[in-house]
Amino acid sequence: MRQFIFKRPAYIVTFIVFLFHFSLPAQTIKTNEAIEARVNDLLRKMTLEEKVGQMNQYNGFWEVTGPAPKEGTAKQKYDHLRKGMVGAVLNVKGTENVRRLQEIAVKETRLGIPLLFGYDVIHGQKTMFPIPLGEAASWDLGAIEGSARIAAIEASAMGINWTFAPMVDITRDARWGRVMEGAGEDPYLGSKIGVARIKGFQGNDLSANNTIAATAKHFAGYGFAEAGRDYNTVDVGTSTLYNIILPPFKAAVDNNVQTVMNSFNVLNGIPATGNKFLQRDVLKGDWKFNGFIVSDWGSGIEMIDHGFANDLKEVAELSARAGSDMDMESYAYVTHLKELVESGKVDMSLIDDAVKRILRVKFQLGLFDDPYRYCDAVREKELIYHPDHLAAALEMAKRSIVLLKNSNTTSQGSQLLPLKKDQQKIAVIGALADDKNSALGSWRIGSDDNSAVSVLEGIKKYSANIKYAKGADLVIGKTDFINEVKINETDKSEFKAAVQVARNSDVVIMVLGEHGFQTGEGRSRTKLDLPGVQQQLLEEVYKVNKKIILVLMNGRPLAITWADKYIPAIVEAWQPGSQCGNAIAQVLFGDYNPAGKLPMTFPRSVGQVPLYYNHYNTGRPGPKSEVFWSHYSDESNKPLYPFGYGLSYTNFTYSNLIINDADPSNIKVRVTVTNIGKRAGEEVAQLYITDKMASIVRPVKELKGFKKFFLQPGEAIEVEFILRDTELGFFDNNGKFVTEPGEFVVMVGTNSQEGISGMFARK
Ligand code: BGC
């Protein structure tokens with residue numbers, strides 16, 4: 001047996017070398033005196049109009065990622081740019097375009113203050129990595145940091161210096177389309193992943209030409225939209241706010257995230273953009289955040305629809321007072337802020353504070369030293385789709401894949417997966433199998449259409465004995481970022497051909513799920529089943545061939561209860577990005593042993609949602625009578641697959657849980673994990689605690705540690721976790737972090753429901 005050391009399998013050595021090359025130690029971007037002096041010096045020279053200009057962000061003049069308002073024609077924007085009335089733009093990319101606008105800002109405005117170029121670099125720029133929820137399933141912080149690093153390298157090579165990522169919203173409702181963009185339901189995992197992404201984007205030197213400023217978004221509560229309908233009302237309790245929603249933002253601030261984006265939703269009836277409590281009291285006050293807050297797209301002007309502001313002028317007043325430093329596409333500051341200051345409605349000190357924050361980020365990025373540092377066309381050409389980036393995207397895609405089921409199909413105990421590389425006859429069915437676009441996911445405005453390796457292409461590298469049948473279209477008509485996806489709900493005319501192919505094959509790979517544009521912003525669903533006619537297709541094929549491997553490609557947890565009951569092998573691949581087909585094929589044919597674990601609970605039925613592992617117990621958790629306990633009359637309370645769940649081609653056992661609680665602020669938990677199967681593989685050991693009694697009720701379980709490691713067959717490892725006050729305490733209803741004495745249960749295991757437990761008392 002060996003002590004825990006981070007050992008990796010040989011096949012990922014290249015990737016590690018690559019990551020080592022780009023993965024940087026914790027960065028130290030701090031306000032330094034030299035920058036402060038330059039900021040203050042510049043501020044003194046600025047007119048009120050120029051200051052307000054810095055607080056204004058315009059969408060680039062050709063791409064749109066939100067509803068475009070009527071005002072703000074390109075001409076008006078250019079005029080404003082020349083007058084120094086624009087501090088940042090978004091959605092402009094390409095060194096030539098960036099240089100063109102930067103030259104106007106630098107050469108034509110009075111003070112020559114360079115622009116920030118913001119962009120939604122969410123899971124890659126050109127080389128696409130898996131959707132963030134997929135990456136989160138890797139539980140691999142190094143790989144996630146590496147993915148963000150590469151996204152920053154490609155984006156910065158295209159002129160971008162600021163990404164609107166990571167989204168650190170905790171999400172419990174699979175109906176919400178944006179679950180694809182975050183790290184799932186857990187604040188502990190979500191914080192770690194958010195920080196890894198920030199480190200990847202920002203590196204340890206923000207002024208380098210391949211690092212970009214990151215944004216923690218959406219502050220705060222956006223992930224709790226009621227009924228999972230995007231932009232809907234948010235109504236959360238104080239404890240949920242402090243213990244679930246805010247921690248990933250706090251972790252981001254502690255790790256020097258340069259900007260925070262506020263959000264579309266209300267919190268306690270106050271829209272986030274006009275919310276002083278969130279922005280001034282918590283973020284800039286308690287947390288001492290010294291970067292700037294950008295509004296979400298038009299979230300200022302939307303306060304009128306919320307019924308919180310009468311008109312655009314009031315929007316400007318309320319937002320500025322509440323601490324929203326930069327207005328994205330509401331036209332409120334640029335239109336009204338000057339007169340509001342002149343009439344004494346908004347204090348000049350608030351403007352100065354906002355502008356200093358914005359200038360600080362520009363100085364940190366080195367834009368005043370070289371505004372064109374991101375505008376090197378040669379570098380752009382060299383770095384986009386660099387082979388190292390594609391190799392890393394392949395690794396990340398494999399690490400994101402979760403094996404959901406791999407049951408025995410014969411009494412001799414043979415599993416369908418991994419597939420043998422012999423020439424057995426394989427049927428591949430499903431429109432998604434032959435799709436080079438959907439796998440790129442949803443937030444992929446920088447990517448090239450149809451640039452993914454399809455599943456079919458990937459599988460064909462392993463076998464020549466393949467027959468493909470679409471079975472049915474998934475979508476009808478065109479799909480793009482702006483239009484609603486239309487799903488084929490009726491056309492089953494190609495079922496017959498698919499059934500025929502399945503009948504004549506030894507094994508069937510069915511690639512089903514959601515189109516990439518069915519998740520993401522504005523793409524909520526009321527159902528969590530396989531969209532369109534796919535479920536019927538699956539059942540028809542099952543009638544003639546039961547040896548089905550279901551490969552799921554989707555951007556949210558799905559309630560695939562029927563498939564779980566009947567289909568012997570199920571692989572969750574998410575939307576894996578550029579290297580989709582290669583990653584999936586390597587998993588299916590056993591060249592990679594899957595080790596992903598779900599970052600979000602999969603429900604049995606949409607009616608259970610929101611369903612999450614770290615819920616409270618209720619006063620009636622178990623049957624006290626037949627009827628009067630917390631349950632459904634038509635479905636179990638249990639999930640289909642719990643948080644943290646994921647199988648491997650090998651098996652791991654957990655034993656020897658030892659707790660050393662001599663020091664209450666440094667409790668050591670040790671456990672032995674053994675690979676008892678026949679293959680080498682990785683496992684993620686997860687530690688959960690239960691605080692049995694507290695001054696406010698605590699969740700039934702909370703993740704407080706995890707470790708991913710690689711074990712050869714027969715090999716064992718002793719894993720150690722340390723529980724400190726940070727893990728054992730919680731926020732009370734005044735937002736104060738407290739630790740209390742009492743009994744705790746500790747469970748260490750392979751997912752949130754299976755493991756070995758012990759107890760300790762914290763004195
Ligand atoms: C989204 C943000 C995004 C912004 C800019 C908004 O609609 O909510 O997450 O960064 O648009 O594209």
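Here are the numbers for the structure shown:
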quantity: Exclusive hit being within 13 Å of the chain's Cα centre (by Cα), buried (at least 24 other Cβ atoms within 10 Å of the Cβ) and not assigned by TED's automatic domain parsing to the domain that holds residue 552, set 182, 159; calculated: 182
quantity: Count of region 87-98 residues which are away from the ligand (no atom under 16 Å from the Cβ) and either crowded, with 22+ Cβ neighbours inside 10 Å or not in a loop (DSSP other than H, G, I, E, B) (or both); calculated: 4
quantity: Any chance residue 72 is out of contact with any Lys or Arg (no Cβ under 6 Å at 6 or more places or on another chain), modelled with pLDDT under 55 and within 16 Å of the ligand (Cβ to nearest atom); calculated: yes
quantity: Close pairs from region 166-180: first under 17 Å from residue 481 (Cα atoms) and part of a loop (DSSP other than H, G, I, E, B), partner of a type outside the set (A, V, I, L, M, F, W, C) and within 12 Å of the ligand (Cβ to nearest atom), Cβ under 8 Å, at least 6 apart; calculated: 176/223; 176/230
quantity: Some residue of region 125-134 being away from the ligand (no atom under 16 Å from the Cβ), surrounded by fewer than 24 Cβ atoms within 10 Å (Cβ to Cβ) and assigned to a helix (DSSP H, G or I); calculated: no
quantity: Residue satisfying condition, being under 24 Å from residue 119 (Cα atoms) and either open to solvent by less than 20 Å² (accessible area, probe 1.4 Å) or over 18 Å from the mean Cα position of the chain (by Cα) (or both), within set 302, 226; calculated: 302
quantity: Some residue of region 608-628 being of a type in the set (Val, Ile, Thr), part of a helix (DSSP H, G or I) and open to solvent by less than 60 Å² (accessible area, probe 1.4 Å); calculated: no
quantity: Conditions (1) closer than 25 Å to residue 114 by Cα; (2) aliphatic (A, V, I, L, M); (3) in contact (Cβ under 8 Å) with a residue 60 or more places away in the chain: number failed by residue 401; calculated: (1)
quantity: Qualifying positions in region 479-522 - part of a loop (DSSP other than H, G, I, E, B), farther than 30 Å from residue 465 by Cα and more than 16 Å from the ligand (Cβ to nearest atom); calculated: 479, 485, 489, 490
quantity: Some residue of region 283-292 being open to solvent by 10 Å² or more (accessible area, probe 1.4 Å), more than 26 Å from residue 201 (Cβ to Cβ) and out of contact with any Gly (no Cβ under 6 Å at 6 or more places or on another chain); calculated: no
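Yes or no, residue by residue, for (1) open to solvent by 10 Å² or more (accessible area, probe 1.4 Å); (2) touching a Ser or Thr at 6+ places or on another chain (Cβ under 8 Å):
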residue	(1), (2)
550	no, no
554	no, yes
561	yes, yes
566	yes, no
570	no, no
574	no, yes
582	yes, no
585	no, no
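The values are calculated or read from the model by the stated rules, or taken from the named source; none is laboratory data. None of the values given here were measured: they were computed from a predicted structure. FYI the Cβ positions are ideal-geometry reconstructions off the backbone, even for glycines, and counts take in every protein chain you see. To get the accessible areas, we keep the full protein, side chains included, count just its heavy atoms, and leave off ligands, DNA and RNA. Shrake-Rupley method; radii C 1.70, N 1.55, O 1.52, S 1.80 Å.
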